[in-house]
């Protein structure tokens with residue numbers, strides 16, 4: 001069976017179509033990969049620019065940190081601080097007529113050089129005026145307090161009051177523990193004991 005010239009031409013065209021299809025699919029896959037890599041590159045460039053901008057402001061950040069550091073309360077390394085912060089909060093609440101029924105102190109967390117604890121006030125009650133003055137007095141104390149979460153709703157029976165919850169975050173620093181002092185005599189004695197142990 002002989003193949004005519006027309007059939008050969010049709011076969012060649014079919015092969016070319018298949019080759020172009022495969023080439024198109026391959027090119028599309030490579031183009032998608034290139035686009036993803038280009039986007040990754042742009043993100044890296046943006047991130048580097050942001051980091052360089054932050055590094056350029058290092059002196060400003062250090063100056064602000066030094067100013068804030070001087071305002072922070074400083075506690076001994078082993079002293080519990082929950083009673084101190086609860087006392088500050090209760091004093092301001094009592095002064096302004098804000099009733100705090102339930103509160104819970106969270107664990108101490110270290111963020112860089114600064115320690116932080118959260119006081120969760122699960123049930124408070126008072127007027128809007130009392131709440132505003134309470135927060136103002138806390139800030140006037142010069143302590144590092146930040147209310148990050150707050151929820152309030154009208155009192156169910158007394159329409160002049162509000163009730164709700166809030167969480168205060170308290171920031172402070174601790175003194176570095178003193179290193180134990182080793183006298184030369186104690187060091188010599190230890191060296192002698194060690195030498196005796198090592199001798200046969």
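Given the residues 134, 151, which is the only one that is modelled with pLDDT of 85 or more and exposed (fewer than 12 other Cβ atoms within 10 Å of the Cβ)?
On the way: 134 fails: exposed (fewer than 12 other Cβ atoms within 10 Å of the Cβ).
One residue alone meets the criteria, 151.
Would region 100-118 turn up any residue that is assigned to a helix (DSSP H, G or I), surrounded by 14 or more Cβ atoms within 10 Å (Cβ to Cβ) and without any contact (Cβ under 8 Å) to a residue 24 or more places away in the chain?
Scanning region 100-118, I find no residue that is assigned to a helix (DSSP H, G or I), surrounded by 14 or more Cβ atoms within 10 Å (Cβ to Cβ) and without any contact (Cβ under 8 Å) to a residue 24 or more places away in the chain, so the answer is no.
Report whether or not residue 171 is within 30 Å of residue 72 (Cα to Cα) and either modelled with pLDDT of 65 or more or loosely packed, with under 12 Cβ neighbours inside 10 Å (or both).
Yes; evaluated as a whole, the condition is true for this residue.
For residue 25, all conditions in the list (1) part of a helix (DSSP H, G or I); (2) at pLDDT 75 or above hold save one; what is the number of the exception?
Of the numbered conditions (1) part of a helix (DSSP H, G or I); (2) at pLDDT 75 or above, the odd one out for residue 25 is (2).
Using beta carbons and a limit of 6 Å, which pairs, at least six apart or on different chains, have the first residue in region 78-89 and free of Cβ contacts under 8 Å to residues at least 40 places away in the same chain and the second one surrounded by 15 or more Cβ atoms within 10 Å (Cβ to Cβ)?
Final answer for the pair search is 82/105.
Has region 77-86 got any residue that is in a helix (DSSP H, G or I), surrounded by 10 or more Cβ atoms within 10 Å (Cβ to Cβ), modelled with pLDDT of 75 or more and within 22 Å of the chain's Cα centre (by Cα)?
yes
Right, residue 55: modelled with pLDDT under 80, within 19 Å of residue 148 (Cβ to Cβ) and part of a helix (DSSP H, G or I) or not?
Spelling it out, it is not the case that residue 55 is modelled with pLDDT under 80, within 19 Å of residue 148 (Cβ to Cβ) and part of a helix (DSSP H, G or I).
Answer yes if at least one residue in region 123-141 is out of contact with any helix residue (DSSP H, G or I) (no Cβ under 9 Å at 6 or more places or on another chain) and touching a residue at least 40 places away in the same chain (Cβ under 8 Å), and no otherwise.
Within region 123-141 (the criterion being out of contact with any helix residue (DSSP H, G or I) (no Cβ under 9 Å at 6 or more places or on another chain) and touching a residue at least 40 places away in the same chain (Cβ under 8 Å)), the answer is yes, since at least one residue qualifies.
Would you check which residues across region 119-147 are part of a strand (DSSP E or B) and out of contact with any strand residue (DSSP E or B) (no Cβ under 9 Å at 6 or more places or on another chain) and list them?
Within region 119-147, no residue meets the criteria.
The values are calculated or read from the model by the stated rules, or taken from the named source; none is laboratory data. Values in this document were obtained by computation on a predicted structure and should not be read as measured data. Reconstructed Cβ throughout: ideal geometry from the backbone, glycine too, with neighbour counts over all protein chains shown.
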